[in-house]
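**Q** My questions will all concern the structure given below.
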């Protein structure tokens with residue numbers, strides 16, 4: 001016997017018993033986007049590697065360690081997308097969507113990073129990504145956060161905390177990086193190897209370390225909020241006022257720098273202690289320089305992304321997602337003569353009862369075996385069409401989740417009877 005092939009490590013199947021939860025989350029997110037006037041944009045899974053090097057930053061874990069990069073047959077370096085923002089910005093530039101225009105868009109789908117697989121973090125993971133391009137003020141920052149807060153309310157998730165920060169402009173960050181560099185040079189012996197490698201290239205990345213041995217060192221480092229330019233201070237102040245007015249609680253976290261180099265001014269994360277070490281459920285921020293950095297005209301922009309695996313895991317802790325969607329009706333067809341009229345009957349019912357899930361017995365079998373299948377399917381009602389029913393123009397209706405008795409009715413009355421029998 002051949003060896004059974006397993007899925008690639010860190011790339012999981014989503015089974016039929018799990019997909020209803022995914023469909024519920026995705027439908028909710030799409031409805032939220034419609035409510036705020038955002039439109040779907042679909043971008044490729046594969047982009048030129050240079051796109052991510054230029055956008056995410058070469059001195060990041062993603063580019064240095066985690067990207068799935070390969071050469072195609074023409075020798076061009078390509079990468080499976082590790083995040084969604086860069087592809088959306090590239091699409092906006094290359095399709096002329098940003099020329100004298102503003103865009104509110106969203107996309108969703110799989111992303112790829114070579115990380116150590118653990119609960120809530122996989123090598124193929126799924127994100128829901130929202131971006132607003134061409135908007136400069138703090139009002140769009142607030143709208144972005146309000147949208148995500150609405151998702152939590154719809155899902156009745158209450159143990160999620162909003163953390164916000166401002167990274168200022170590129171110019172103010174130069175001053176801040178100089179202060180960080182001086183601080184970390186004084187404590188260079190406490191830095192791990194990753195931090196030493198980043199010290200002169202981008203000391204802000206050290207603040208993003210996951211090494212617990214460096215927690216105290218990072219906590220005592222200079223705070224970026226003390227180095228903000230005047231305009232960034234005003235921007236951040238208005239954002240806080242808008243959130244307060246909307247009743248959205250938040251904490252200013254001066255250590256929140258996010259893991260991508262393209263962020264500027266507002267950054268934020270929704271975090272929870274319900275998922276162990278993987279606390280961030282939704283992360284985002286402003287990236288006003290990225291469009292120009294990728295070859296377009298200077299365009300302010302902001303976005304956020306939700307990790308769907310983490311969100312579903314969080315919902316599972318609160319038991320707020322649906323179970324597998326069973327059929328409402330199972331049609332039992334004992335005898336060969338019932339096969340063709342049985343399938344025709346099912347199609348007629350689907351025409352007049354579009355919201356009713358109907359499963360027809362396939363694969364034959366005795367009446368007893370088919371009835372067992374009907375019960376196992378989770379259906380509410382079994383509809384029986386055998387030789388006797390065919391001869392008399394009737395069907396049998398047997399409730400499967402109650403003690404009610406089976407009854408026989410005319411085929412013409414079946415749709416109405418199902419309306420009355422189904423919850």
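**Q** Return yes when residue 162 is assigned to a strand (DSSP E or B), within 18 Å of the chain's Cα centre (by Cα) and surrounded by fewer than 21 Cβ atoms within 10 Å (Cβ to Cβ) and no when it is not. Give the derivation first.
**A** Values: assigned to a strand (DSSP E or B): yes; within 18 Å of the chain's Cα centre (by Cα): yes; surrounded by fewer than 21 Cβ atoms within 10 Å (Cβ to Cβ): yes.
So residue 162 passes the test.
**Q** Can you pull out the residues in region 289-314 that are out of contact with any helix residue (DSSP H, G or I) (no Cβ under 7 Å at 6 or more places or on another chain), within 17 Å of residue 92 (Cβ to Cβ) and not in a loop (DSSP other than H, G, I, E, B)?
**A** 292, 305
**Q** Among the residues of region 117-142, which ones are under 21 Å from the mean Cα position of the chain (by Cα) and either free of Cβ contacts under 8 Å to residues at least 24 places away in the same chain or surrounded by fewer than 18 Cβ atoms within 10 Å (Cβ to Cβ) (or both)? Break it down into steps so the answer makes sense when it comes.
**A** Pass one, region 117-142, residues under 21 Å from the mean Cα position of the chain (by Cα): 117-133, 140-142.
Listed by number, the residues that qualify are 117, 118, 119, 121, 124.
**Q** Among (1) closer than 19 Å to residue 10 by Cβ; (2) crowded, with 20+ Cβ neighbours inside 10 Å; (3) touching a residue at least 24 places away in the same chain (Cβ under 8 Å), which single condition is residue 63 missing?
**A** (3)
**Q** Right, something else. Do we find a residue being at pLDDT 90 or above, under 19 Å from residue 134 (Cα atoms) and touching a helix residue (DSSP H, G or I) at 6+ places or on another chain (Cβ under 6 Å) anywhere in region 263-271? Explain how you work it out, then say what you get.
**A** Within region 263-271, the first condition is being at pLDDT 90 or above, and the residues that meet it are 265-271.
Remaining after also requiring under 19 Å from residue 134 (Cα atoms): 265-267.
Remaining after also requiring touching a helix residue (DSSP H, G or I) at 6+ places or on another chain (Cβ under 6 Å): 265-266.
For region 263-271, residues at pLDDT 90 or above, under 19 Å from residue 134 (Cα atoms) and touching a helix residue (DSSP H, G or I) at 6+ places or on another chain (Cβ under 6 Å): present.
**Q** What tally of residues in region 282-292 results from selecting those that are more than 16 Å from the chain's Cα centre (by Cα) and crowded, with 17+ Cβ neighbours inside 10 Å?
**A** Filtering region 282-292 for residues more than 16 Å from the chain's Cα centre (by Cα) gives 285-292.
Checking the rest, the ones that are also crowded, with 17+ Cβ neighbours inside 10 Å come to 285-291.
The total comes to 7.
**Q** So if I check each of 97, 155, 80, which one is crowded, with 17+ Cβ neighbours inside 10 Å, under 30 Å from residue 197 (Cα atoms) and assigned by TED's automatic domain parsing to the domain that holds residue 275?
**A** Details: 97 fails: under 30 Å from residue 197 (Cα atoms); 155 fails: under 30 Å from residue 197 (Cα atoms).
None of the others qualify; the one that does is 80.
**Q** Residue check: is residue 317 over 30 Å from residue 91 (Cα atoms) and modelled with pLDDT of 90 or more? If you could, list the steps in order and put the result at the bottom.
**A** On the way: over 30 Å from residue 91 (Cα atoms): yes; modelled with pLDDT of 90 or more: no.
For residue 317, the condition - over 30 Å from residue 91 (Cα atoms) and modelled with pLDDT of 90 or more - is not met.
**Q** Just to verify a result, which residue in region 315-346, among those that are touching a residue at least 12 places away in the same chain (Cβ under 8 Å), out of contact with any helix residue (DSSP H, G or I) (no Cβ under 6 Å at 6 or more places or on another chain) and assigned to a loop (DSSP other than H, G, I, E, B), is surrounded by the most Cβ atoms within 10 Å (Cβ to Cβ)?
**A** Top of the filtered list is 328.
**Q** While we're on this one: Are there helices (runs of 4 or more DSSP H) fully within region 352-422 with at least 2 residues that are over 14 Å from residue 330 (Cα atoms)? List them. Step through it out loud before you land on a result.
**A** Numbers: elements: 367-376, 387-392, 414-421.
Hits in region 352-422: 387-392, 414-421.
**Q** Look at residue 31 and say whether it is in a loop (DSSP other than H, G, I, E, B) and either out of contact with any helix residue (DSSP H, G or I) (no Cβ under 7 Å at 6 or more places or on another chain) or surrounded by fewer than 17 Cβ atoms within 10 Å (Cβ to Cβ) (or both). Don't jump to the end; show me each part of the working.
**A** Working: in a loop (DSSP other than H, G, I, E, B): no; either out of contact with any helix residue (DSSP H, G or I) (no Cβ under 7 Å at 6 or more places or on another chain) or surrounded by fewer than 17 Cβ atoms within 10 Å (Cβ to Cβ) (or both): yes.
Criteria not met by residue 31.
**Q** Further, regarding this structure: Kindly indicate which of 251, 299 is modelled with pLDDT of 90 or more, surrounded by fewer than 18 Cβ atoms within 10 Å (Cβ to Cβ) and more than 28 Å from residue 185 (Cα to Cα). Can you show your working first?
**A** On the way: 299 fails: surrounded by fewer than 18 Cβ atoms within 10 Å (Cβ to Cβ).
Testing whether each residue is modelled with pLDDT of 90 or more, surrounded by fewer than 18 Cβ atoms within 10 Å (Cβ to Cβ) and more than 28 Å from residue 185 (Cα to Cα) leaves just 251.
**Q** As an exercise: evaluate residue 215 against (1) surrounded by fewer than 18 Cβ atoms within 10 Å (Cβ to Cβ); (2) closer than 24 Å to residue 304 by Cα and give the number of the one condition it does not meet.
**A** Result: residue 215 passes all but (2).
**Q** Sticking with this structure for a sec: Which one is farthest from residue 171 (Cα to Cα), of the residues in region 274-288 that are in contact with a helix residue (DSSP H, G or I) (Cβ under 6 Å, 6 or more places away or on another chain) and modelled with pLDDT of 90 or more?
**A** Among those that are in contact with a helix residue (DSSP H, G or I) (Cβ under 6 Å, 6 or more places away or on another chain) and modelled with pLDDT of 90 or more, it is 281.
**Q** Restricting to region 53-82, give me the number of residues that are more than 23 Å from residue 263 (Cα to Cα) and touching a strand residue (DSSP E or B) at 6+ places or on another chain (Cβ under 9 Å).
**A** Of region 53-82, the ones more than 23 Å from residue 263 (Cα to Cα) are 69-78.
The next check asks that each one be touching a strand residue (DSSP E or B) at 6+ places or on another chain (Cβ under 9 Å); those that pass are 69-72, 76-78.
Of the residues in region 53-82, 7 are more than 23 Å from residue 263 (Cα to Cα) and touching a strand residue (DSSP E or B) at 6+ places or on another chain (Cβ under 9 Å).
**Q** Then there's this: Check off (1) touching a residue at least 24 places away in the same chain (Cβ under 8 Å); (2) within 23 Å of the chain's Cα centre (by Cα); (3) within 23 Å of residue 62 (Cα to Cα) for residue 279 and give me the number that stays unchecked.
**A** Against the list (1) touching a residue at least 24 places away in the same chain (Cβ under 8 Å); (2) within 23 Å of the chain's Cα centre (by Cα); (3) within 23 Å of residue 62 (Cα to Cα), residue 279 comes up short only on (1).
The values are calculated or read from the model by the stated rules, or taken from the named source; none is laboratory data. Computed from a prediction, not measured in an experiment: that's the story for all the values here. Ideal geometry is used to build each Cβ from the backbone, glycine not excepted, and the neighbour counts take in all protein chains shown.
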